[in-house]
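Q: Below you'll find the structure I mean.
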Amino acid sequence: NPTISDEDVFNEIVEEKEYIGYYNLVNQETQGFKEDACSVKQKNIVVIGIGGSTLGTYAIYKFLKHSKTLTKQLYFLETTDPIDIKSKLEQVDLADTLFIVISKSGTTIETISIFKYIHSLITLDKENTLIITENDSKLNAYAKANSMKTFEIPKDVGGRFSVLSAVGLLPLAIVGIDIDELLLGAKEVHEAFFNVKNSREVYIRVLKKARFLTEYKNSFNINVVFSYSSRLEGFNKWYIQLWGESLGKVDVNSTRQGLTPIGIIGPIDQHSFLQLIVEGKRDKSVTVIKVDDFYSDLKIPPTRLKGLEELDYIDNIEFSSLIKSQADSTIECINNLNDIPCDVITIDGVSEKAIASLMYEYELLTSVCAKFMYINAYDQPGVESGKIILKEKLRNI
């Protein structure tokens, strides 16, 4: 169990800000991204990347795309599944597409493999390709040699913490999402957490939750995020990578640590996973995420269905009210059991500020949990060992 005090953990986080770059992305200048976004003429934007290079961007795009009048279509090529690659490329006019290739190391096998394949279909050059990578990577050298425009991923910003860098801001700006509002949402959380003299709400919330999760990690090792909006499906995927890759580590005492993330969607998973939560083994904590305002007045019409009159009480109820009631019913159901840890996060609405605030707070929560667990949140030696094995296998095919 953690023996470190909240104050000491907070001081360590403050010190960490000096050499871990994601904390300070909220203060960056966006004018360059917006100017480059305005110069893009292509209708389709295809991001080629995997993991931290795509998941955060997808989370924001998925959350916002049906509520915004976006100027372009955004696609993601992130798997080496040949059927997925072909089916996605069939949806776009390659001649009217901008390709954004993202790899922090510049040598990600999945990314370069897809890059090579697309290059065989259409010439990729400075007119239709942008590169986002570290300044000293081989991919950056390739881009410079071919006069392709490049954008930097800072060395002190890890991939899964990079959504508010060029990795996310550039493609999102190009399709018409307000990146200033994204940074504003994250900055408000940043200021509320670090300026504890002005407000302690976020500080207390993050420290309290991190301490609980890590002190009770042996009892409640599975952390379920139950998101009551299909728009948060991308956030769930991003959270799973953030949590798994950051917290599954060996600590300073050579003890294996980790919290197992699960992301599910309400109300869909009320009809499946909720059964496991309610009557299954008590090894899970639950975070329910609600959306306060869906900006939709879609209603259940008073259509008469013979034989189903007993359900007429749902007539004229807005779907947004229905899904919020479903979330509240799940929360009450869990809390009535008195033996399942459950907290609730309510997002104001479907906006850039809302999703960025949520994601930045989860990044902070991840970093604080790592401090309580005496691990490094920012490396991934387990993943790297798998990459080494893969390279050897591919050389022998």
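The values are calculated or read from the model by the stated rules, or taken from the named source; none is laboratory data. Since the model is a prediction, treat every value here as computed from it, not as a measurement. Because the Cβ atoms are built from the backbone with ideal geometry, glycine has one as well, and the counts that use them run over all protein chains shown. Accessible surface is based on the protein model in full, side chains and every heavy atom, while ligands, DNA and RNA are left aside. Shrake-Rupley method; radii C 1.70, N 1.55, O 1.52, S 1.80 Å.
Q: Of the numbered conditions (1) surrounded by fewer than 19 Cβ atoms within 10 Å (Cβ to Cβ); (2) at positive phi; (3) not β-branched (Val, Ile, Thr), GLY51 fails exactly one; give the number of that condition.
A: Unmet condition: (1).
Q: Moving on. Pick out, from the stretch 161-272, the helices (runs of 4 or more DSSP H) lying fully within it that include 2 or more residues that are more than 16 Å from MET373 (Cβ to Cβ) and of a type in the set (Ser, Thr, Tyr).
A: Correct list: empty, since no element meets the threshold.
Q: Now for a different question. List the residue pairs whose Cβ atoms are under 9 Å apart, where the first residue sits in the stretch 311-328 and is farther than 19 Å from VAL350 by Cβ, the second is small (Gly, Ala, Ser) and part of a helix (DSSP H, G or I), and the two are 6 or more positions apart or on different chains.
A: So the pair list comes out as ILE317/SER325.
Q: If the requirement is being in contact with a strand residue (DSSP E or B) (Cβ under 7 Å, 6 or more places away or on another chain) and either among the small types (Gly, Ala, Ser) or more than 26 Å from ASN236 (Cα to Cα) (or both), which of these qualifies: SER103, SER39, SER113?
A: Residue meeting the stated conditions: SER103.
Q: Right, THR346: in a strand (DSSP E or B) and hydroxyl-bearing (Ser, Thr, Tyr) or not?
A: Against the criterion (in a strand (DSSP E or B) and hydroxyl-bearing (Ser, Thr, Tyr)), THR346 qualifies.
Q: Can you tell me which of (1) open to solvent by less than 40 Å² (accessible area, probe 1.4 Å); (2) in contact with an Asp or Glu (Cβ under 9 Å, 6 or more places away or on another chain) is the one VAL157 doesn't meet?
A: Every listed condition holds for VAL157 apart from (2).
Q: Which of the residues spanning the stretch 95-109 are at pLDDT below 95 and surrounded by fewer than 20 Cβ atoms within 10 Å (Cβ to Cβ)?
A: Once the filter is applied, which keeps residues that are at pLDDT below 95 and surrounded by fewer than 20 Cβ atoms within 10 Å (Cβ to Cβ), the stretch 95-109 yields SER105, THR107, ILE109.
Q: Scanning the stretch 310-325 for residues that are under 19 Å from SER230 (Cα atoms) and polar (S, T, N, Q), which turns out least open to solvent (accessible area, probe 1.4 Å)?
A: Going through the qualifying residues, I end up with SER320.
Q: Residues to consider are LYS68, LYS62; find the one that is among the charged types (D, E, K, R) and assigned to a loop (DSSP other than H, G, I, E, B).
A: Every option except LYS68 fails the conditions.
Residues checked against (1) modelled with pLDDT under 95; (2) touching a strand residue (DSSP E or B) at 6+ places or on another chain (Cβ under 8 Å); (3) among the basic types (Lys, Arg):
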residue: VAL288; (1), (2), (3): no, yes, no
residue: VAL291; (1), (2), (3): no, yes, no
residue: LYS299; (1), (2), (3): no, yes, yes
residue: SER320; (1), (2), (3): no, yes, no
residue: ALA327; (1), (2), (3): no, yes, no
residue: THR346; (1), (2), (3): no, yes, no
residue: LYS353; (1), (2), (3): no, no, yes
residue: LEU358; (1), (2), (3): no, yes, no
residue: PHE372; (1), (2), (3): no, no, no
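Q: So, of the residues in the stretch 11-45 that are farther than 20 Å from SER162 by Cα and touching an Asp or Glu at 6+ places or on another chain (Cβ under 8 Å), which turns out to be surrounded by the fewest Cβ atoms within 10 Å (Cβ to Cβ)? Steps first, please.
A: The first filter runs over the stretch 11-45 and keeps only residues farther than 20 Å from SER162 by Cα, leaving 11-12, 35, 38-44.
Filter once more, so that each one left must be touching an Asp or Glu at 6+ places or on another chain (Cβ under 8 Å): 42-44.
Working: GLN42: 19, LYS43: 13, ASN44: 18.
Per the criteria, the residue is LYS43.
Q: Give me the pairs, please: first residue somewhere in the stretch 185-200 and more than 15 Å from GLU7 (Cα to Cα) and touching a residue at least 12 places away in the same chain (Cβ under 8 Å), second residue anywhere and open to solvent by less than 20 Å² (accessible area, probe 1.4 Å) and of a type in the set (Phe, Trp, Tyr), beta-carbon distance under 8 Å, and either six or more positions apart or on two chains.
A: From the stretch 185-200, the pairs are GLY185/TYR360; ALA186/TYR360; VAL189/TYR360; HIS190/TYR23; HIS190/TYR360.
Q: Now for a different question. Show the residue pairs that are 6+ apart or on different chains and have beta-carbon atoms under 6 Å apart, the first residue being within the stretch 280-302 and in contact (Cβ under 8 Å) with a residue 24 or more places away in the chain, the second being open to solvent by 80 Å² or more (accessible area, probe 1.4 Å).
A: Filtered contacts from the stretch 280-302: ASP292/ASP348.
Q: Then there is this: Can you tell me which residues in the stretch 137-154 are of a type in the set (Gly, Ala, Ser), part of a helix (DSSP H, G or I) and open to solvent by 30 Å² or more (accessible area, probe 1.4 Å)?
A: Step one: of the stretch 137-154, the residues of a type in the set (Gly, Ala, Ser) are 137, 141, 143, 145, 147.
Applying the additional criterion that residues be part of a helix (DSSP H, G or I) yields 141, 143, 145.
Scanning the stretch 137-154 gives ALA141, ALA145.
Q: Search the stretch 77-94 for residues being assigned to a loop (DSSP other than H, G, I, E, B) and either among the β-branched types (Val, Ile, Thr) or touching a residue at least 12 places away in the same chain (Cβ under 8 Å) (or both), and hand back the single one that is surrounded by the most Cβ atoms within 10 Å (Cβ to Cβ).
A: In this case the residue turns out to be GLU78.
Q: In this structure, is GLY307 open to solvent by 30 Å² or more (accessible area, probe 1.4 Å) and not in a loop (DSSP other than H, G, I, E, B)?
A: no
Q: Here's another thing I want to ask about it. Output yes when any residue across the stretch 250-271 is under 30 Å from ARG211 (Cα atoms), among the hydroxyl-bearing types (Ser, Thr, Tyr), modelled with pLDDT of 95 or more and surrounded by 19 or more Cβ atoms within 10 Å (Cβ to Cβ), and no when none is.
A: There is no residue in the stretch 250-271 that is under 30 Å from ARG211 (Cα atoms), among the hydroxyl-bearing types (Ser, Thr, Tyr), modelled with pLDDT of 95 or more and surrounded by 19 or more Cβ atoms within 10 Å (Cβ to Cβ).
Q: Failed condition for ILE388, given (1) over 16 Å from SER230 (Cα atoms); (2) crowded, with 19+ Cβ neighbours inside 10 Å, with all others met?
A: If we test ILE388 against (1) over 16 Å from SER230 (Cα atoms); (2) crowded, with 19+ Cβ neighbours inside 10 Å, just (2) comes out false.
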